[in-house]
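Take a look at the structure below.
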Amino acid sequence: MRQKSSALVARVGTAGAKPPAEQVARGIRRATCTQHSSEEKIRIVLEGLRGEDSIAALCGREGIAESLYYS
């Protein structure tokens, strides 16, 4: 029932209406599930091996978790 009403609101909505919560959630999921190319992964690992910055700083700058770096 909710999907039907949200679709109705989306069609009838006004110019300043907020997007449905489902669309917002989908956008957040897309933003958090970034996939890095092989070249990016190699670059990140090589930067870590150089040791100019800490791994925590490197991971923070690249937007990845430290556990992902070490896996």
Is segment 55-67 home to any residue that is of a type in the set (A, V, I, L, M, F, W, C), on the phi < 0 side of the Ramachandran plot and at pLDDT below 90? yes
Does Lys41 meet the test of being modelled with pLDDT of 65 or more, outside any helix (DSSP H, G or I) and either closer than 20 Å to Tyr69 by Cα or not assigned by TED's automatic domain parsing to the domain that holds Glu66 (or both)? no
Would you please list the contacts, defined by Cβ atoms under 8 Å and residues six or more apart or on different chains, that run from a residue in segment 50-71 that is assigned by TED's automatic domain parsing to the domain that holds Glu39 to a residue that is of a type in the set (Lys, Arg) and assigned to a helix (DSSP H, G or I)? Asp53/Arg61
Could you please find all residues in segment 44-68 being exposed (fewer than 13 other Cβ atoms within 10 Å of the Cβ) and not in a helix (DSSP H, G or I)? Gly51, Glu52, Ser54, Gly63, Ala65
In this structure, is Val9 modelled with pLDDT of 80 or more and of a type in the set (A, V, I, L, M, F, W, C)? no
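The values are calculated or read from the model by the stated rules, or taken from the named source; none is laboratory data. Keep in mind it's a predicted model, so treat the numbers as computed, not measured. Heads up, the Cβs are rebuilt from the backbone with ideal geometry, glycines too, and the neighbour counts pull from every protein chain shown.
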